[in-house]
Amino acid sequence: FAVLPMGFKWSLYWVQEANTRLAEQDTQLVPERRLGEVGASFFVGPSEGPLHYIYVDNVGVLGEDQEEVQLQKDLAKRTLEKEGLETHDDEDSSPFAEMLGVSMNGEKGMARTTEKRYWRLYLTLGWILAKGKASGEMMESVVGHLTFTFMLKRCLLSVLSSCYVFCRQVRGRSEELW
């Protein structure tokens, strides 16, 4: 195949795996320091080496040594582009960054939802609550955005359990919210 077939459930997974392994080939980025949806929490410190993630066509490198972060990001980006894979959202190394809807403040050691993402979610929730009803599919979309946002403070994820029940029970129609 030159491309993965449309509708193939595993397409994103295979693209993600291929891009990640390629980016780690010619760099000092190691799988043990890869940020992902599963695994342990990480400490960012000079002796630990940089953390990294590849999300489809985004390369992110986090660490305390600004020069090292820049070097590893540039190497990963160059490796992907050498194979014909374009990347985007390229920013130089900085203590402050926005990536994938998350605003990072390296000086304070903080991560939070970007203002843009926060306000979109806030206004959407306000609209649904004012309307008083929603379809299961609409709530699934909102729950997806909430899940992404709540990953920054994982204890909030437990709040969504009754939303999952609503989404399953109200498939294909709109119904009053609890």
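The values are calculated or read from the model by the stated rules, or taken from the named source; none is laboratory data. Given the structure is predicted, the values throughout are model-derived calculations rather than measurements. Counting neighbours? That spans all protein chains shown, and the Cβs are built from the backbone with ideal geometry, glycine included. Only protein heavy atoms, including side chains, enter the accessible area calculation; ligands, DNA and RNA are left aside. Shrake-Rupley method; radii C 1.70, N 1.55, O 1.52, S 1.80 Å.
Before moving on, here are some points about what is shown:
- The single residue among Leu121, Leu146, Leu125 that is open to solvent by less than 70 Å² (accessible area, probe 1.4 Å), in contact with a His (Cβ under 7 Å, 6 or more places away or on another chain) and either under 26 Å from Leu100 (Cα atoms) or among the aromatic types (Phe, Trp, Tyr) (or both) turns out to be Leu121.
- Scan segment 162-178 for residues that are under 23 Å from the mean Cα position of the chain (by Cα) and open to solvent by 70 Å² or more (accessible area, probe 1.4 Å) and the total you get is 1.
- Where strands (runs of 3 or more DSSP E) sit wholly within segment 60-135, those with at least 2 residues that are at pLDDT 85 or above, over 22 Å from Ala23 (Cβ atoms) and small (Gly, Ala, Ser) occupy 133-135.
- Residue check for Thr147: in contact (Cβ under 8 Å) with a residue 24 or more places away in the chain and of a type in the set (Val, Ile, Thr): no
- Within segment 56-111, the set of residues being hydroxyl-bearing (Ser, Thr, Tyr) and buried (at least 16 other Cβ atoms within 10 Å of the Cβ) comprises Thr79, Thr87, Ser93, Ser103.
- Enumeration of residues in segment 129-169 that are at negative phi and of a type in the set (Gly, Ala, Ser): Ala130, Ala134, Ser135, Gly136, Ser141, Gly144, Ser158, Ser161, Ser162
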